[in-house]
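In what follows, a structure is listed as structure tokens, so that the remarks can point back to it.
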Amino acid sequence: MKKLIWFSTLSLAIATASLPAIAQTQPVTPRQPITPEQPVTPGQPVTPGQEYQSRPTMSDDRTAPRISRTSGFANTHYISVYTGEQPLSYVMVRPSELVSVNNNDIEITDQSGQRLDANISPEGDRLRLTFAQPVPPGSTIQIAFRNLTFNTLNRNFYLYELAGGYTGYQRTIPYGFAQVQVF
């Protein structure tokens, strides 16, 4: 009998926890205009045909510097970086520990395919790619790592950590991780 009471109490608790909560709506007058500055509260109806503009978030910001594209082949990895709205002075790259990179086999080009002059120097486990001339704002550069040697076979993706240094900034701006998938 005690087990029956315990199981019925447990099943009642599970059933109660899985029931949906009833949403409470706030009264809204019909055809009330919604401006971009006014937040839409949950339960507030929006009339059909009415446009609501949300505030841009970090993922919507198309002017922020970012990793724009990656691709990989048997012994070559490509990473494209959008510079953002400031002139780019240098890029810091931390290759995957599963990849050996030779500094002489790194090629950097701009969006037109022109090769960019850069001094490549190791700084611990990172590579600093310092440009002779800052890369103009709004540009996309492509970094090609050629003739790679792999410490582990049969791996289909590799991670590179990237950050950028901008003219007038004292700190590097992290771009995040570039995942290069090898086909």
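Quick notes
- Qualifying residues in segment 148-183 (those that are surrounded by fewer than 16 Cβ atoms within 10 Å (Cβ to Cβ) and among the small types (Gly, Ala, Ser)) - the one nearest to HIS77 (Cα to Cα): GLY176
- Residues that are modelled with pLDDT under 95, open to solvent by 50 Å² or more (accessible area, probe 1.4 Å) and under 25 Å from the mean Cα position of the chain (by Cα) within segment 101-111 comprise just one, GLN111.
- Pairs where the first residue, in segment 161-182, is on the phi > 0 side of the Ramachandran plot and the second is open to solvent by 30 Å² or more (accessible area, probe 1.4 Å), C-beta under 8 Å, 6+ apart: GLY168/GLN86; GLY176/ARG66; GLY176/ILE67; GLY176/GLU161
- Only one entry of GLN114, GLN53 meets the criterion of being modelled with pLDDT of 90 or more, exposed (fewer than 10 other Cβ atoms within 10 Å of the Cβ), out of contact with any helix residue (DSSP H, G or I) (no Cβ under 6 Å at 6 or more places or on another chain) and over 30 Å from ARG155 (Cα atoms), and that entry is GLN114.
To keep it simple, each residue is scored yes or no on (1) free of Cβ contacts under 8 Å to residues at least 24 places away in the same chain; (2) within 20 Å of TYR166 (Cα to Cα).
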position: SER68; (1), (2): no, yes
position: ILE79; (1), (2): no, yes
position: ASN102; (1), (2): no, no
position: LEU116; (1), (2): no, yes
position: ALA132; (1), (2): yes, yes
position: ILE141; (1), (2): no, yes
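- Test: residue in segment 89-96 that is buried (at least 19 other Cβ atoms within 10 Å of the Cβ), modelled with pLDDT under 95 and under 21 Å from VAL180 (Cα atoms): yes
The values are calculated or read from the model by the stated rules, or taken from the named source; none is laboratory data. Model, not experiment: these values are computed from the prediction. Reconstructed Cβ throughout: ideal geometry from the backbone, glycine too, with neighbour counts over all protein chains shown. Heavy atoms of the whole protein, side chains included, go into the accessibility calculation; ligands, DNA and RNA do not. Shrake-Rupley method; radii C 1.70, N 1.55, O 1.52, S 1.80 Å.
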